[in-house]
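Participant: There's a structure below that I have some questions on.
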Amino acid sequence: MDGYPPPLAAGCYAQAARANALSKEQGFGDRLQFQVGDALAQPFENGSFDLVWSMESGEHMPDKKKFVSELARVCAPGGTVIVVTWCHRVLGAGEAGLREDEKALLDRINEAYYLPDWCSVADYQRLFEAQGLTDIQTRDWSEEVSPFWGAVIATALTSEGLAGLAKAGWTTIKGALVMPLMAEGFRRGLIKFNLISGRKPQ
């Protein structure tokens, strides 16, 4: 949890404890467990899972190569790795990087949401290939997800939403103020919401 404010780190452990309590109440016992760990050094043995699923986590990883390596490591042979994450657009032919105005927009978002550098779905595809994953597929869900930010902004501007922001404190308020930038990134085609999947060979 390095790089995150202490309240956020503490909140993750509290959420896991609450989820485990609810799981037991529902009769799942040891079949379902919630655990907080380091995604870049996961506390699991090699080949522990038939399905490894990462949802909106990749954008928080400072080392994307290590992140994908760990996902592949804990995936069992024949299993599937799925990453659903925010990405920047795929660079065009001859482009060495994003434009300066695009970098500036992402920098403002990163500062508010404590994010490291972004990458593209093409970068993830190369990382999957480097880990020996096969049957790699990608999907762009940006169009389906883009209305989300407008809905969140509208909710935040209600009396109930504003009261909640005031109660949550400056960190949450700072994040809320950046939401229009996420919407702008989608409109400009800079920000993408992508899925990448691959299979670990037997």
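Participant: With respect to residue 127, determine if the residue is at pLDDT 95 or above, part of a helix (DSSP H, G or I) and within 18 Å of the chain's Cα centre (by Cα).
Facilitator: yes
Participant: Sort out which residues of segment 130-144 are exposed (fewer than 15 other Cβ atoms within 10 Å of the Cβ) and assigned to a helix (DSSP H, G or I), and write them in order of number.
Facilitator: Those that are exposed (fewer than 15 other Cβ atoms within 10 Å of the Cβ) and assigned to a helix (DSSP H, G or I): 130, 143, 144.
Participant: Against the condition surrounded by 15 or more Cβ atoms within 10 Å (Cβ to Cβ), modelled with pLDDT under 85 and at negative phi, how does residue 151 come out, does it pass?
Facilitator: So residue 151 does not fit the description; no.
Participant: Here's another thing I want to ask about it. Of all residues being touching a helix residue (DSSP H, G or I) at 6+ places or on another chain (Cβ under 8 Å) and assigned to a strand (DSSP E or B) in segment 36-83, which is surrounded by the most Cβ atoms within 10 Å (Cβ to Cβ)? Just the residue, please.
Facilitator: 83
Participant: Let me ask you something else. List every residue pair whose Cβ atoms sit under 7 Å apart, with the two residues 6 or more apart in sequence or on different chains, where the first one lies in segment 143-163 and is within 22 Å of residue 194 (Cα to Cα) and the second, anywhere, is loosely packed, with under 15 Cβ neighbours inside 10 Å and of a type in the set (Phe, Trp, Tyr).
Facilitator: Listed by first residue and then by second, the contacts come to nothing, as the list is empty.
Participant: Could you list all residues from segment 99-124 that are farther than 30 Å from residue 76 by Cα and either not in a helix (DSSP H, G or I) or not assigned by TED's automatic domain parsing to the domain that holds residue 81 (or both)?
Facilitator: Within segment 99-124, 99, 114 meet the criteria.
Participant: Follow-up. Any chance you could count how many residues in segment 172-202 are more than 19 Å from the chain's Cα centre (by Cα) and either farther than 30 Å from residue 97 by Cβ or polar (S, T, N, Q) (or both)?
Facilitator: Selection size over segment 172-202: 5.
The values are calculated or read from the model by the stated rules, or taken from the named source; none is laboratory data. No experiment lies behind these values; they were computed from the predicted model shown. Backbone-built Cβ (ideal geometry, glycine too); neighbour counts: all protein chains shown.
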